[in-house]
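The values are calculated or read from the model by the stated rules, or taken from the named source; none is laboratory data. Fair warning: this is a prediction, and the values are worked out from it, not measured in the lab. Neighbour counts run over all protein chains shown; Cβ positions are idealised from the backbone, glycine included. We work out accessible area using only protein heavy atoms, side chains counted, and drop any ligands, DNA or RNA first. Shrake-Rupley method; radii C 1.70, N 1.55, O 1.52, S 1.80 Å.
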Amino acid sequence: MPGGVSTSVNIGSTPNIYNYNPTNLFWAYGLAVLVTMLSVAVGMRAIVVNGVSHETSFSSILCSTRNGTLDNLTAGFSLAAEPLGSDVSNTKLRFGLLRRSNEDGSIRRAGFGIDGEVDDLRKGTSCY
(Lines give C-alpha, C1' and ligand atoms only; values in the text may rest on other atoms or scores of the structure.)
Protein backbone atom coordinates (compact mmCIF):
# COMPACT_ATOMS: atom_id res chain seq x y z
CA MET A 1 0.00 0.00 0.00
CA PRO A 2 1.81 3.10 -1.16
CA GLY A 3 1.92 5.81 1.54
CA GLY A 4 -0.64 4.04 3.72
CA VAL A 5 -0.65 2.07 6.91
CA SER A 6 -1.70 -1.50 7.13
CA THR A 7 -3.58 -2.75 10.19
CA SER A 8 -5.67 -5.69 11.33
CA VAL A 9 -9.41 -5.19 11.98
CA ASN A 10 -11.63 -7.50 13.99
CA ILE A 11 -15.36 -7.37 13.17
CA GLY A 12 -17.86 -8.92 15.52
CA SER A 13 -21.64 -8.89 15.82
CA THR A 14 -23.88 -9.04 18.87
CA PRO A 15 -27.24 -10.69 18.36
CA ASN A 16 -30.38 -9.16 19.94
CA ILE A 17 -31.82 -11.37 22.62
CA TYR A 18 -35.44 -10.89 23.70
CA ASN A 19 -36.87 -12.08 26.99
CA TYR A 20 -40.67 -12.37 26.75
CA ASN A 21 -42.45 -12.11 30.09
CA PRO A 22 -46.25 -12.38 29.85
CA THR A 23 -46.72 -10.99 33.37
CA ASN A 24 -45.10 -7.66 32.45
CA LEU A 25 -47.23 -7.48 29.31
CA PHE A 26 -50.40 -8.21 31.31
CA TRP A 27 -49.66 -5.47 33.88
CA ALA A 28 -48.78 -2.85 31.26
CA TYR A 29 -51.84 -3.45 29.09
CA GLY A 30 -54.12 -4.15 32.07
CA LEU A 31 -53.30 -0.79 33.69
CA ALA A 32 -53.75 1.00 30.36
CA VAL A 33 -57.18 -0.58 29.84
CA LEU A 34 -58.20 0.18 33.45
CA VAL A 35 -57.21 3.86 33.19
CA THR A 36 -59.03 4.12 29.83
CA MET A 37 -62.21 2.59 31.27
CA LEU A 38 -62.11 4.94 34.28
CA SER A 39 -61.66 7.94 31.97
CA VAL A 40 -64.62 6.88 29.83
CA ALA A 41 -66.74 6.39 32.98
CA VAL A 42 -65.88 9.90 34.22
CA GLY A 43 -66.79 11.35 30.81
CA MET A 44 -70.09 9.43 30.69
CA ARG A 45 -70.97 10.62 34.19
CA ALA A 46 -70.25 14.23 33.17
CA ILE A 47 -72.66 13.89 30.24
CA VAL A 48 -75.36 12.40 32.49
CA VAL A 49 -74.91 15.04 35.24
CA ASN A 50 -74.79 17.96 32.79
CA GLY A 51 -77.52 16.61 30.55
CA VAL A 52 -75.60 17.70 27.43
CA SER A 53 -72.17 17.37 25.90
CA HIS A 54 -69.98 20.29 24.89
CA GLU A 55 -66.96 20.86 22.72
CA THR A 56 -64.19 23.42 22.65
CA SER A 57 -64.86 24.87 19.20
CA PHE A 58 -64.90 28.61 18.63
CA SER A 59 -68.67 28.52 18.09
CA SER A 60 -69.27 26.82 21.45
CA ILE A 61 -67.16 29.36 23.29
CA LEU A 62 -68.84 32.22 21.45
CA CYS A 63 -72.32 30.95 22.34
CA SER A 64 -71.53 30.67 26.05
CA THR A 65 -69.80 34.02 26.43
CA ARG A 66 -72.19 36.45 24.75
CA ASN A 67 -73.80 38.94 27.14
CA GLY A 68 -74.72 42.60 26.64
CA THR A 69 -73.41 43.60 30.07
CA LEU A 70 -70.01 42.08 29.31
CA ASP A 71 -69.98 43.73 25.88
CA ASN A 72 -70.46 47.12 27.56
CA LEU A 73 -67.90 46.32 30.27
CA THR A 74 -65.21 45.32 27.76
CA ALA A 75 -65.81 48.13 25.25
CA GLY A 76 -62.41 49.25 24.01
CA PHE A 77 -60.74 45.98 25.03
CA SER A 78 -62.07 43.74 22.24
CA LEU A 79 -58.58 42.53 21.32
CA ALA A 80 -57.70 41.95 25.00
CA ALA A 81 -54.77 44.34 24.74
CA GLU A 82 -52.74 44.58 27.92
CA PRO A 83 -53.05 46.12 30.39
CA LEU A 84 -56.76 45.59 30.90
CA GLY A 85 -58.61 48.27 32.77
CA SER A 86 -59.04 47.55 36.48
CA ASP A 87 -62.83 47.56 36.09
CA VAL A 88 -62.50 44.69 33.59
CA SER A 89 -59.84 42.66 35.39
CA ASN A 90 -61.49 42.98 38.82
CA THR A 91 -64.97 41.94 37.66
CA LYS A 92 -66.07 38.56 39.04
CA LEU A 93 -67.98 36.43 36.55
CA ARG A 94 -70.43 33.57 37.02
CA PHE A 95 -71.77 31.04 34.52
CA GLY A 96 -75.45 30.21 34.65
CA LEU A 97 -78.87 31.36 33.49
CA LEU A 98 -78.94 35.03 32.64
CA ARG A 99 -81.90 36.77 34.27
CA ARG A 100 -82.92 38.47 31.04
CA SER A 101 -85.13 36.25 28.92
CA ASN A 102 -85.80 36.14 25.21
CA GLU A 103 -88.50 38.23 23.55
CA ASP A 104 -91.49 36.18 24.69
CA GLY A 105 -89.98 35.44 28.12
CA SER A 106 -90.31 31.67 27.80
CA ILE A 107 -86.72 30.42 27.57
CA ARG A 108 -83.70 31.94 29.28
CA ARG A 109 -80.19 32.00 27.92
CA ALA A 110 -77.15 30.38 29.54
CA GLY A 111 -73.96 32.40 29.59
CA PHE A 112 -71.43 34.36 31.60
CA GLY A 113 -72.56 37.37 33.58
CA ILE A 114 -71.74 39.48 36.57
CA ASP A 115 -73.02 38.67 40.04
CA GLY A 116 -76.67 39.61 40.37
CA GLU A 117 -77.63 38.90 36.77
CA VAL A 118 -76.98 35.14 36.76
CA ASP A 119 -78.98 32.36 38.44
CA ASP A 120 -77.73 28.82 39.06
CA LEU A 121 -77.90 26.51 36.06
CA ARG A 122 -79.65 23.26 36.94
CA LYS A 123 -80.07 20.07 34.96
CA GLY A 124 -83.37 19.99 33.09
CA THR A 125 -83.86 23.76 33.01
CA SER A 126 -84.90 25.03 29.58
CA CYS A 127 -82.45 27.46 28.07
CA TYR A 128 -81.30 28.34 24.60
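Per-structure values
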read-out	value
Residue list for the stretch 67-84, filter: surrounded by 13 or more Cβ atoms within 10 Å (Cβ to Cβ) and either within 22 Å of ALA110 (Cβ to Cβ) or in contact (Cβ under 8 Å) with a residue 24 or more places away in the chain (or both)	ASN67, THR69, LEU70, LEU73, THR74
Residue, farthest from LEU98 (Cα to Cα), within the stretch 38-66, restricted to residues that are more than 17 Å from the chain's Cα centre (by Cα) and surrounded by fewer than 10 Cβ atoms within 10 Å (Cβ to Cβ)	VAL48
Among the candidates VAL52, VAL40, residue that is among the aliphatic types (A, V, I, L, M) and assigned to a helix (DSSP H, G or I)	VAL40
Filter pass, ASP120 being exposed (fewer than 14 other Cβ atoms within 10 Å of the Cβ), within 23 Å of the chain's Cα centre (by Cα), modelled with pLDDT of 75 or more and not aromatic (Phe, Trp, Tyr)	yes
Top-ranked residue in the stretch 15-67 [being more than 30 Å from ARG122 (Cβ to Cβ) and among the small types (Gly, Ala, Ser); ranked as modelled with the lowest pLDDT]	ALA28
Residue in the stretch 80-93 that is within 30 Å of CYS127 (Cα to Cα), modelled with pLDDT of 85 or more and assigned to a loop (DSSP other than H, G, I, E, B) present	yes
Tabulated pairs, the stretch 38-65, first over 27 Å from ILE114 (Cβ atoms), second in a helix (DSSP H, G or I) and open to solvent by 70 Å² or more (accessible area, probe 1.4 Å), C-beta under 9 angstrom, 6+ apart or interchain	SER53/ILE47
